[in-house]
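Everything on this sheet refers to the single structure shown next.
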């Protein structure tokens, strides 16, 4: 599923609260994490290992990510094995409220 389709599907739902997921940073182990959607299809964040990683979608297919250790950077979104949604080394799996 493309990101544009995922964002359109997300807009049809109400704002979820914190969603429990599994996340992986780089090649590290999968660990419990949480996702919060701030604005449907536009702004969300993951809390992984006590760190907040923020994401924004510009509505034209571009996603940027803000890690605690740096500034906003463009990232590529991709599905891995149809179960994991990844953004340049940050991956989430579970009932992701973006599809």
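The values are calculated or read from the model by the stated rules, or taken from the named source; none is laboratory data. Note that the structure is predicted; figures quoted are calculated from it, not measured. Glycine gets a Cβ as well: all are built from the backbone with ideal geometry, and neighbour counts include every protein chain shown.
Going by the structure shown, is residue 24 surrounded by 17 or more Cβ atoms within 10 Å (Cβ to Cβ), modelled with pLDDT of 90 or more, assigned to a strand (DSSP E or B) and more than 11 Å from the chain's Cα centre (by Cα)? So residue 24 fits the description; yes.
Answer yes if at least one residue in region 86-97 is part of a loop (DSSP other than H, G, I, E, B), touching a helix residue (DSSP H, G or I) at 6+ places or on another chain (Cβ under 7 Å), closer than 15 Å to residue 19 by Cβ and touching a residue at least 40 places away in the same chain (Cβ under 8 Å), and no otherwise. Explain how you work it out, then say what you get.
First, the residues of region 86-97 that are part of a loop (DSSP other than H, G, I, E, B): 88-89, 94-97.
Next cut, touching a helix residue (DSSP H, G or I) at 6+ places or on another chain (Cβ under 7 Å) only: 97.
Checking the rest, the ones that are also closer than 15 Å to residue 19 by Cβ come to 97.
Of the ones still in play, those that are also touching a residue at least 40 places away in the same chain (Cβ under 8 Å) are 97.
Among the residues of region 86-97, at least one is part of a loop (DSSP other than H, G, I, E, B), touching a helix residue (DSSP H, G or I) at 6+ places or on another chain (Cβ under 7 Å), closer than 15 Å to residue 19 by Cβ and touching a residue at least 40 places away in the same chain (Cβ under 8 Å), which makes the answer yes.
Of the residues that sit in region 54-75 and are under 17 Å from residue 23 (Cα atoms) and at pLDDT below 95, which one is surrounded by the most Cβ atoms within 10 Å (Cβ to Cβ)? Let's see the steps before the verdict.
Residues of region 54-75 under 17 Å from residue 23 (Cα atoms): 54-55, 65-68, 75.
Add one more test, that the residue is at pLDDT below 95, and what stays is 67-68.
Details: 67: 16, 68: 9.
Across region 54-75, the extreme among qualifying residues is 67.
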